[in-house]
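Below is one structure, written out as structure tokens; the observations come after it.
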Amino acid sequence: MMNLVGQCAFALLGKLGWNQIPRNPIEAGGAATIVCGVLFIVALVTYLHRWKWLWKEWMTTQDPKRIGVMYIVVALVMLLRGSGDAILMRLQQSISVGNNNGILSSSHFQQIASAHGTIMIFFVAMGLMFGIINLVLPLQIGARDVAFPFLNATSFWLFFMGMALVNVSLVLGDFSAAGWLSYPPLSELRYSPTVGVDYWIWALQIAGVGSLLSGVNFLVTILRMRAPGMTLMKMPMFAWSVLGSMSLVAFAFPILTVTLALLALDRTVGAHFFTAGGGGNAMMYVNLIWAWGHPEVYILVLPAFGIYSEIVSTYARKRLFGYTSMVWAIWAIVLLSFTVWLHHFFTMGAGANVNAFFGIMTAVIAVPTGVKIFNWIFTMHRGRISFRSPMLWFLGFVTTFTIGGVAGVMMSVPAIDFQVHNSLFLVAHFHMMIVGGVVFGYFAALTYWFPKIFGFRLHEKLGSIAFWFWLVGFLVAFIPLYILGFMGATRRLDHYDASLGWQPLFIVAGVGVVLIGIGVGFQILQLVVSIWQRNERRDLSGDPWNGRTLEWSVPSPAPFYNFTKQPVVTARDQFWEDKQSGKNRVKEYEDIVLPKNSGLSVVIASFAFLVGFGMVWHMYWLSLVSLLGIIVTLVVRSMNEEPEYTITAREVEKLEHQREHQLKEYEGLV
Amino acid sequence: MSSATETAALELRREHEATEKTVFGFWVYLMTDCVLFASLFAVYAVIHGNTYGGPSGKDIFKLPYVLIETFALLASSFTCGLAMLSMQRHAKKQVLFWLGVTFLLGVSFLCLELNEFHHLVADGNSWRQSGFLSSYFTLVGTHGLHITFGLIWMAIMAGYVWKRGLTDTVRKRLMLLSLFWHFLDVIWIFIFTIVYLYGSLGL
Amino acid sequence: MKQHRKIILGAFVLCLLLLATTAWYLGRQPVPVLQPAGPIAEKERNLIIFTVLLSVVVVVPVFSLLGYFAWKYRESNTRAAYSPDLDGNTLAETVWWLVPTAIIVVISVVTWRSSYALDPFKPLSSSKPTLHVQVVALDWKWLFIYPAQGIASVNESAIPVNTPVDYELTSDTVMTSFWAPQLAGQMYAMPGMSTQQNLMASRTGSFAGWAANISGAGFAGMTFTVKSMSDSDFNNWVASARHTNRKLTTTQYAQLANPNTPNQIAYYSWVQPQLYNTTVLKYMTPSTTKNMESNT
């Protein structure tokens, strides 16, 4: 009888077992960190008696500003994890020379390398991006919310669950060791028999669905919910860049969904899409994944470009130079980004015709990007520039992005790419693009819009010190990699010969990483100090930077309903125009309809997590039941006849008066 | 205009805008679904020739059978249209009737398809045998999965129509469902042509 | 003001020092991509130099303008002109749409020409007959088969100097990449596929080779050497391979392909006929060999 029970338990648990918990010290350390981290958060929330508050104010919220904060918090935590991976990689590569095999086994190093890339792209960069868009976009276009608030919340929780799955892989089982894009046949069952690749597949599939739904959401938001009078050509440039990026999301993410599903089919039910043999075609995977992958990098960078447009024109106190040109450049980039994917595998042997075509298209896409850089520089021309930290991040961006861009144009020539493909030259290039381009922009955005969301400014000096450590550290960490690429250093190597002369350069790069780490330390310090000194840093006017766009016309922190009445727009940079003409803002009040909170987003995402977890561990019954759970939850949601509530104009007026009273109190404290 | 009529007019406009926004959003989602199917078609185009010593489309596709399936689905699209027309006329009973017919036709389509799959697997021609069979089962199967979700949705909508009548929300959702159903029909036409017709001709 | 100037000067001097140290250090190290030993690698290096110089045309204005505008239009400089509504200039925009386009046109022409000229599938023209070497990527070693000479070697490939060599590449494991930077760029080696890298060595020497695409745990150790030597030395090398008593039979090959077999240099005096072709083809048709992919 016990045998039968035991057998049932084994069947139900799929491949799970005690042996899936890591034993190796470093891996166990990673597992312990995750477990302790989660326990610590649970303990803290319990101790502060904040469960109800957490549920009511954050987990069930439909307010995009709150959702945005959650995205950013998750992204920044994952930045720490991804940086930890980077530090381990740098350390290994600095010491694993000749007879020394370093501190990591080859397979562990490769898992860390794969996790580093996966986390940084999918959970840090995408998280920061969607976070900032949630915070800023509705305010900027004069809307109260996004088009589909429940969908927005669900997208966040799907993102969260994808992140959770990646972190569970540290505790149970292992992670993929096949690189951040898991090329087959290496990622097929035969060569990667453990659950690692499955974790990768399902974490990305869940987060990817969230991203796709957000793409649809923000697209409809921009096209249908702008303030009256705000034609497309009167939108702020950030809104244009989001429109371009979300169009890319809508077209590119379904390709990722399909590709991940096909790899999952190969690994679970014995299909032959990408297997070596059996009629599979591994090169097809490479094409599919990059047909998604290339638009993905433009998805990430376009909003950053939009952020730079806002920051440069605000801090130079000048209109953005060449608005129309900038819009055209965005759409040129959007269209062209679908015509260049093969440049990621010139060396796969497609032949001269094909390589030449894609090489030329890759070079062409550099033109609109260059145009944008010149337009920003000429926005500075005859401006009156204040070099607060967001502006510093912009300068850092132009520096690193230009260097990385030159490397990119070099690699667009297939014959050059043959020599530097998959080398550290490539690694240096894409880090300069993504960190210098995307991450610097999102860091700038965090400082720039922080007061609008939280009501006080971040410590400026600490912010600029952080920036300098980041910039110098980043250049020190990656310029040696260009040289290493020319010295024959391939990426993802966990060991090399001493005679190659690579070690000193790896050590220098390691020093750069330490400098970046100090920069991160200053960012954390900046946050802590700013919160501590928040009363001295209150943003009393709602417009700390003498801004130009609508989000600065509401008080800080922005009320949950954004505007008491939707503004009417007649010009670009409407808020700036109003200030110049001395127009007095008379507050008008109207009844406001907003969505009610809902816990169903968390429920749906939790089921999605279980679907993924079940598939990873071959607990198929769990996946099926959870899928049914999602359907049932959706039906329950659809039964809700009153998903919205109304605040009367009188109640709004009362809230506004309370706020004015609060501001007067703060004034006394400053 | 009195304040009450103003509020009512505003309400109506708000409702109309919200519906339009939802329908537009659903169209955008359908376009992403289109890209999803396009990717599956691209995969099929690339590896449908990889029969790995096994059968090709010519050997396993039975056109007459598929034609019956196709008629079932096309007819269901037609009856779905009739349901929508009834909806415009606020004829609740007829909406339920035509939804029911659509549902039955959809279920028949699904049963025929599952039967086809069953025979293939029983004959030893499952997705495990070759790249061709993997891509065939996945492309046609994904469509079948969408049909399944559509049928579940249809049953739930029938429930709503019956219980709550043709309210604004119910009508809006019926509109989305019919968009979805017609979309799947269009995809099937591509599948029928590219997979079955071309396959049978040995292309 | 003086404080800032000191910092900037200090930073500048530091950068120069760093540059000097790096240049001195690099002068003493092998930098294979920039030290070609064959015509393909040499042309590729020349392309690198050319594109870097071309990029200077864009980079110099960008950095100069950035620095100049940042300094001139800083807040504290109240003497500078301030035109808050200046948001366009047709001439300026035309210049920076057209000049980068012109540069891109130049690069496109270069891309078109070099893609054909340096196509890895294109045989090199020479009076000497091409040497064919068949390469099979294994876990985690490289097998070199010399069909005309009837021998094989592991992790070491000798080639006669100034002779066109046609490396045919495949893999009996996952997707890998064959890269000997001093001689040519890299080419993927994939199971069930056969690619090519045509190259030539224009001087004798020993040239390092790497596997340039992650292929599993032993990937970092998957290095090889290409040894370019005189014709007579090459013949001696072939002869000494013929004198080993190891034969690359099917069984021996299976043992070599085992990931647990270490990647040491080895030679075989006899090779199973058509070994390369059978290795490629076995992925294309069903086979009962134990090497086949099983997904159950």
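The values are calculated or read from the model by the stated rules, or taken from the named source; none is laboratory data. All of these numbers come straight from a predicted model, not from anything done at the bench. Quick reminder, even Gly has a Cβ in these numbers, built from the backbone with ideal geometry, and neighbours come from all protein chains shown.
Being over 18 Å from the mean Cα position of the chain (by Cα) and in a helix (DSSP H, G or I) is the filter; apply it to region B:91-115 and report the residue that is nearest to B:I189 (Cα to Cα). Ranking the qualifying residues of region B:91-115, first place goes to B:N115.
Can you work out which of the residues in region A:182-210 that are within 22 Å of A:G14 (Cα to Cα) and more than 27 Å from the chain's Cα centre (by Cα) is surrounded by the fewest Cβ atoms within 10 Å (Cβ to Cβ)?
Residues of region A:182-210 that are within 22 Å of A:G14 (Cα to Cα), as a first pass: A:187-206.
Checking the rest, the ones that are also more than 27 Å from the chain's Cα centre (by Cα) come to A:188-194.
Details: A:E188: 28, A:L189: 20, A:R190: 20, A:Y191: 20, A:S192: 23, A:P193: 10, A:T194: 17.
Here the answer is A:P193.
Residue check: B:L82 meets all listed conditions (1) surrounded by 15 or more Cβ atoms within 10 Å (Cβ to Cβ); (2) free of Cβ contacts under 8 Å to residues at least 24 places away in the same chain; (3) part of a helix (DSSP H, G or I); (4) within 14 Å of chain A (Cβ to nearest Cβ) but one, namely (4).
Looking at the structure I just gave you, is A:A11 loosely packed, with under 12 Cβ neighbours inside 10 Å and in a helix (DSSP H, G or I)? So A:A11 passes the test.
Restrict the check to region A:170-182 and report whether at least one residue is in a helix (DSSP H, G or I) and closer than 25 Å to A:S106 by Cβ.
Within region A:170-182, one or more residues are in a helix (DSSP H, G or I) and closer than 25 Å to A:S106 by Cβ.
Pairing residues of region A:372-385 that are more than 7 Å from chain C (Cβ to nearest Cβ) with residues that are of a type in the set (V, I, T) and buried (at least 24 other Cβ atoms within 10 Å of the Cβ), at Cβ distances under 7 Å and at least 6 apart in sequence or on separate chains, gives A:W376/A:V312; A:T379/A:V312.
Every test in (1) crowded, with 21+ Cβ neighbours inside 10 Å; (2) over 17 Å from C:S228 (Cα atoms); (3) not hydroxyl-bearing (S, T, Y) is passed by C:K122 save one, and that test is (1).
Wholly within region A:399-479, which helices (runs of 4 or more DSSP H) include no fewer than the required count, namely at least 3 residues that are away from chain C (no Cβ under 14 Å) and hydroxyl-bearing (S, T, Y)? It would help to see each step written out before you state the result.
Values: elements: A:414-420, A:424-431, A:440-454.
In region A:399-479, A:440-454 are the helices (runs of 4 or more DSSP H) which contain 3 or more residues that are away from chain C (no Cβ under 14 Å) and hydroxyl-bearing (S, T, Y).
Taking region B:193-203, which residues are buried (at least 19 other Cβ atoms within 10 Å of the Cβ) and modelled with pLDDT of 95 or more? Steps first, answer last, please.
Just the residues of region B:193-203 that are buried (at least 19 other Cβ atoms within 10 Å of the Cβ), to begin with: B:195-196, B:199.
Selection gives B:V195, B:Y196.
Screening A:T275 on (1) in contact with a Pro (Cβ under 9 Å, 6 or more places away or on another chain); (2) assigned to a helix (DSSP H, G or I); (3) among the β-branched types (V, I, T) shows it passes everything except condition (2).
Taking every residue in region C:28-42 that is more than 7 Å from chain A (Cβ to nearest Cβ) and pairing it with any residue that is at pLDDT below 95, at least 6 positions away or on another chain, the pairs with Cβ-Cβ distances below 8 Å are C:R28/A:G501. When the residues of region B:18-33 are filtered to those that are facing chain A (nearest Cβ under 8 Å) and not hydroxyl-bearing (S, T, Y), the one that is surrounded by the most Cβ atoms within 10 Å (Cβ to Cβ) is B:G25. Each residue in region C:201-222 was checked for being at the interface with chain A (Cβ under 8 Å from one of its Cβ atoms), surrounded by 21 or more Cβ atoms within 10 Å (Cβ to Cβ) and under 13 Å from the mean Cα position of the chain (by Cα), and 4 pass.
Among the residues of region B:8-17, write down those that are free of Cβ contacts under 8 Å to residues at least 60 places away in the same chain and more than 9 Å from chain A (Cβ to nearest Cβ).
Hits for region B:8-17 are B:A8, B:A9, B:L10, B:E11, B:L12, B:R13, B:H16.
Of all residues in region B:43-53, those satisfying the criterion of being more than 7 Å from every other protein chain (Cβ to nearest Cβ) and surrounded by fewer than 18 Cβ atoms within 10 Å (Cβ to Cβ) are B:A45, B:G49.
Residues that are under 19 Å from C:I145 (Cβ atoms), at pLDDT 95 or above and in contact with a Leu (Cβ under 7 Å, 6 or more places away or on another chain), at least 2 per element: which strands (runs of 3 or more DSSP E) completely within region C:184-296 meet that? Show your work before the answer.
Values: elements: C:187-189, C:195-199, C:205-211, C:224-229, C:266-268.
Because the criterion is at least 2 residues that are under 19 Å from C:I145 (Cβ atoms), at pLDDT 95 or above and in contact with a Leu (Cβ under 7 Å, 6 or more places away or on another chain), the strands (runs of 3 or more DSSP E) in region C:184-296 that meet it are C:187-189, C:195-199.
Scanning region C:144-153 turns up no residue that is within 14 Å of chain A (Cβ to nearest Cβ), aromatic (F, W, Y) and in contact (Cβ under 8 Å) with a residue 12 or more places away in the chain. Total residues in region A:420-436 satisfying the condition of being buried (at least 24 other Cβ atoms within 10 Å of the Cβ) and in contact (Cβ under 8 Å) with a residue 60 or more places away in the chain: the figure is 6.
Does C:P181 satisfy the criteria of being touching a residue at least 40 places away in the same chain (Cβ under 8 Å) and not assigned by TED's automatic domain parsing to the domain that holds C:A241? Judged against the criteria, C:P181 is not a match. Within region A:516-545, residues that are of a type in the set (S, T, Y) reach partners that are buried (at least 18 other Cβ atoms within 10 Å of the Cβ) with beta carbons closer than 7 Å, at six or more positions or on different chains, in the pairs A:S530/A:F456; A:S530/A:L458; A:S530/A:H459; A:S530/A:R537. Working only within region C:173-193, note down all residues that are within 9 Å of chain A (Cβ to nearest Cβ) and either under 16 Å from C:A257 (Cα atoms) or over 13 Å from the mean Cα position of the chain (by Cα) (or both). Across region C:173-193, the qualifying residues are C:T173, C:V174, C:M175, C:M190, C:P191, C:G192, C:M193. Among residues that are surrounded by fewer than 20 Cβ atoms within 10 Å (Cβ to Cβ), more than 14 Å from chain C (Cβ to nearest Cβ) and either assigned to a helix (DSSP H, G or I) or touching a Leu at 6+ places or on another chain (Cβ under 9 Å) (or both), A:V136 is not included. Taking the listed residues A:A498, A:A445, A:A466, the one that is surrounded by fewer than 23 Cβ atoms within 10 Å (Cβ to Cβ) and out of contact with any Ser or Thr (no Cβ under 7 Å at 6 or more places or on another chain) is A:A498, with no other qualifying. Restricting attention to region A:88-103 and to residues that are within 22 Å of A:F478 (Cα to Cα) and more than 28 Å from the chain's Cα centre (by Cα), the residue that is surrounded by the fewest Cβ atoms within 10 Å (Cβ to Cβ) turns out to be A:I95.
Say whether the condition of being of a type in the set (A, V, I, L, M, F, W, C), away from chain A (no Cβ under 11 Å) and without any contact (Cβ under 8 Å) to a residue 12 or more places away in the chain is met by at least one residue in region B:122-138. Checked region B:122-138: at least one residue is of a type in the set (A, V, I, L, M, F, W, C), away from chain A (no Cβ under 11 Å) and without any contact (Cβ under 8 Å) to a residue 12 or more places away in the chain. Before we move on, is A:L622 in contact with a Leu (Cβ under 7 Å, 6 or more places away or on another chain), part of a helix (DSSP H, G or I) and either closer than 23 Å to A:T61 by Cβ or of a type in the set (A, V, I, L, M, F, W, C) (or both)? When the stated conditions are applied, A:L622 passes them. The condition of being surrounded by fewer than 24 Cβ atoms within 10 Å (Cβ to Cβ), closer than 30 Å to A:V554 by Cα and in contact (Cβ under 8 Å) with a residue 12 or more places away in the chain holds for only one of A:D145, A:D174, that being A:D145. Which condition number does A:N281 fail, the rest of (1) polar (S, T, N, Q); (2) without any contact (Cβ under 8 Å) to a residue 40 or more places away in the chain; (3) over 30 Å from A:A332 (Cβ atoms); (4) more than 13 Å from chain B (Cβ to nearest Cβ) being met? All conditions pass for A:N281, except number (4).
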